[in-house]
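The values are calculated or read from the model by the stated rules, or taken from the named source; none is laboratory data. Please read all numbers here as calculations on a predicted model, not as lab measurements. So basically every Cβ, Gly included, is an ideal-geometry build from the backbone, and we count neighbours across all protein chains shown. These accessible areas exclude ligands, DNA and RNA; they are computed on the full protein's heavy atoms, side chains included. Shrake-Rupley method; radii C 1.70, N 1.55, O 1.52, S 1.80 Å.
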Amino acid sequence: MQTNRPLRLVYVSFEYPPQIGGGIGTYVDIVTRGLARQGHRVTVVTVGADPFVTREFTAGMEVVRLPHVRHSGPEPLRSLAYRKDHSDRVGDFLERFVEVEGADVIEFPDYLAEGFSYLARTTPGKRPVCVVRLHCPLCVIGEYNTADGPKPVLEALENEAMLLADRIVAPPGPQEEVLRRLLPRVGPMDIVRHPADPALLDLATDAGEPTPEAVFVGRLEQRKGVEQLVRAAPEFLDACPGARLVLIGGDAERGASEPSMRSFLGRLVPARHADRVVFTGRMGREDLFRRLASARVCVFPSLFENGPYTCLEAMSLSRPCIGSDYSGMRDMIEDGVSGRLVRAGDDADLARTLIDVYSMPEADRRKMGAAARERVRGCFHADRVCEQIGSLYAGYAAQSVAMRRPIPAAARAPRPPRVAVVIPCYNHGAFVREAVESARGQTHTNVDVVVVDDGSTVAGTLEALDRLRGEGTRVIRQDNAGLAAARNAGIRATDAEFFVPLDADDLLRPGFIEYLLAPLAADPSLGYAYCHAEYFGSSTGTWRCPEYNPFTLLVANLSTATALVRRSAFDLAGGYAESMLHGMEDWDLWLSLLQVGYRGRLVPQPLFMYRQHAGGSMLSHTQRHRPIPVRQIVERHAPMYLVHMESALTEKDSMFFREHMDAWRARCTIDDLRARLGLPVADHSPDAALRAHQELEQILGSRAWRAVARLKSMAIYRAVARARFGRGWDAPTAPEPPDVRLAQIKASRPYRLIQRIKGSGLYRWYARRSRPGATGPGA
């Protein structure tokens, strides 16, 4: 059974432009762009130059680039270790991707066993249909490139991947015949041509008189028939005065005693023709196409070949081509019409055919070139071939309907996108209404509010939540499971495209969603956006978050927990880790997003309000238990830390150095100023800083200071203060170090008043009776 619905297709290929070209990369580039043009949802999983996973959206499809992590050590162990590691990375990514987004068909190349890990760990019928596309596996290459030496382990992995695949797809030619001889147990095989690049078919090709060149393009390896070509060269060049043979491609070994095929071929050329056989080395694609388009004839004398793109490209450029009959070129070239075919490995036949085509009247060569182009346009055009592939894969998709995930209704809805504000609440009934109202007061118009009661026990909180529920706010109740679990429950209870995790005691400025949504809407590779925060409550100030940097994120959280997050990225990352019971679950999520290729973006405005509690907050609790969540984070993201450990340590050292230098300069300036004024110079030792921090926490947590904070928050107090000190009396200020903040508090009138009260005999008598043993500023 086939279906006309758009397919969800995943292509895995180590080779993919612009990092790595080659025939496989060319094929994946053309076929995925063609399928995306036809409305299919396509994801390419490849490698990139960035040390972290990246995502990009181009030509209507998604490209995920895994890090290209190099291995050290001797060969062949180094290459084997890399291939195994890369295959595991692909498998890890696909398992999560399929679980979250689903897929109809996943296509792997045969070469280098990229699909082995995923195919080995999944079961047919319980996964998308997995296809291996034949390009030229090592078991076939080894029959012709004897100089490469045996690669038994990698060859075995490739063979096993082909045996584990649900289907094999190959272009027309001898590939099926050869593979079934070498690997008799290989499964069902379907034949579909390689698509040609439609951009070449749109180029003008009438460039005037061609150059007197016969051009070969390909790696200088035995399988490509380069020895036969150079051995045929003397007869061809003797018969065609003025002709040149140009070989374009990288060098290769010919054997243990011949490390350079290029040098060996050069020795085969007679001295009289030394200047007429030219080796150019590799060439960029634009230069290559110009050279092909101006050639008199193109020649591809492979001993064995699948469906070479060099031949398709030359034919697309209206060049008469000579190809071998033991290759996919026997399907590309209509012998005598759109080119010529020669017997593979036959030097004499190759020489005669070269002479014939080169010596043809120009009108006949142009006619053959025009026929070649029409052959490509009629049978190999990307739109035509991709339609055939789509039809074939639609048939496969009928076998994997269970693996497909429906597109969420929110993703199909017109703009503005829906945003859910998820508010976990545990005994914060005194604040939760303010949080809800700040979410409802957003300038963005399409907002859902979900409150998650994480097993609250205080009667006032339960009553506040019941009132909100009665007013139409969605309230979910669960047994107490922690902040991460509460956030997950609220997020998964909505299908909004984006969400904001907001703690019940914090607030959003009205423009929070509007401003943070803008970069996410413009760049689908971003997973979240965050902003600066303002402190309010027992103290004020501004929490300035740094710009996003993935290396810095490895060693320090860059943002508050309250950000605007893309739901699909959250799902792919696996959500908040519910084991992070001591905090830092937000930092862990940002790292999880980085691992699947989603990054963050700072919007440098204070759009979030973070409440400071006089008795301490979850943040201070987290800092006291910091070693526990840090250890959890490193363990959960061990592969990423192992790869980037050196960079992470360097970044950490750099951060510490910058912070210590800035602090040291500031302290020197202050100490110098105090000394000039005859004031005592502060003690900046680590012990003094710790004592100041502890004393500051003790004061801020005391009942007397909490009473002062409540008094300052009253409307009548604020009105009096504004009348006395002006409108800017409570403007946010930058956070001060503990010793400076402690000195400021001790110099304040409320603190001096509290100390005078505590020094009275009546208070000391009361304190001894009500709290025996209580003394000191925090009592």
Exposed-site-free run, longest, the chain (rule: GluC sites (Glu not before Pro); DSSP loop; at most 10 other C-beta within 10 Å): 1-470
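Quick one: compute the contact order of the chain, relative version, from alpha carbon pairs under 8 angstrom and 6+ residues apart, as a percent. Intermediate results must be reported in sequence, preceding the final value.
Values: 1409 pairs, mean separation 74.1, N = 779.
Dividing the mean separation by the residue count of the chain yields 10 percent.
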Euclidean distance between Cα centres, the stretch 153-200 to the stretch 79-102, Å: 21 Å
Residue among G102, A493, A49 farthest towards the positive dipole end of the chain, charges placed on Cβ: A493
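Once neighbouring chains are kept in place and the probe is 1.4 Å, which whole percent of the accessible area of the chain is contributed by carbon and sulfur? Don't skip to the end; give the middle numbers.
Details: 19000 of 35010 Å².
Within the chain, the accessible surface is 54 percent carbon and sulfur.
Need one number: % antiparallel among DSSP beta bridges in the chain, to the nearest 5. Show your work: numbers first, answer last.
Working: 17 of 90 bridges.
Expressed as a percentage, antiparallel bridges in the chain total about 20.
With the convex hull built on the Cα atoms of the stretch 271-397, state its orientation-averaged projected area in nm².
On the way: hull surface 38.3 nm².
Projected area, direction-averaged: 9.6 nm².
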Computed over the stretch 136-290, the ratio Rg/Rh where both radii use C-alpha atoms and Rh is Kirkwood: 1.04
Between 0 and 90°, nearest 10: helix 152-164 axis offset from the chain longest Cα axis: 80 degrees
Gyration tensor (alpha-carbon) shape descriptor, the stretch 137-198, a/c threshold 1.5: oblate
Sites matching trypsin sites (Lys or Arg not before Pro) across the stretch 1-105 that sit in DSSP coil, with at most 10 neighbouring C-beta atoms within 10 Å: R70
Shape category assigned to the stretch 197-252 from the gyration tensor of Cα positions, a/c cut at 1.5: oblate
Ratio of Rg to Rh over the stretch 430-525 (Cα coordinates, Kirkwood Rh, two decimals): 0.98
Relative contact order [Cα under 8 Å, 6+ residues apart], the stretch 61-120, whole percent: 37 percent
Test item: Cα-centred dipole of the stretch 164-292, Lys/Arg +1 and Asp/Glu -1 on Cβ, debye: 460 debye
Cα centroid separation - the stretch 550-605 against the stretch 33-78, whole Å: 22 Å
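What is the chain by shape, rounded, prolate or oblate, if you read a ≥ b ≥ c off the alpha carbon gyration tensor as root eigenvalues and call it rounded for a/c under 1.5, prolate for a/b larger than b/c, and oblate otherwise? Spell out each step's value before the answer.
Values: a/c = 3.03, a/b = 2.39, b/c = 1.27.
Verdict is prolate for the chain.
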Packing-based order for 165-171, 264-270, using average beta carbon neighbours within 10 Å, highest first: 165-171, 264-270
The chain - mean residue ellipticity at 222 nm from DSSP helices (-39,500 (n - 2.57) per run, n ≥ 4, rounded to 500): -14000 deg cm²/dmol
Volume per residue that the Cα convex hull of the stretch 490-623 spans, once the total is divided by residue count, Å³: 112 Å³
Whole-Å distance, taken between Cα centres, linking the stretch 425-452 and the stretch 459-529: 7 Å
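Write down the accessible area per residue of the chain in Å², having rolled a 1.4 Å probe over the full set of protein chains. Please report the intermediate quantities before stating the final value.
Values: 35010 Å² over 779 residues.
With all protein chains present, the chain gives 45 Å² per residue.
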Acute angle (nearest 10 degrees) that the helix 715-725 long axis makes with the longest principal axis of the chain, alpha-carbon atoms: 90 degrees
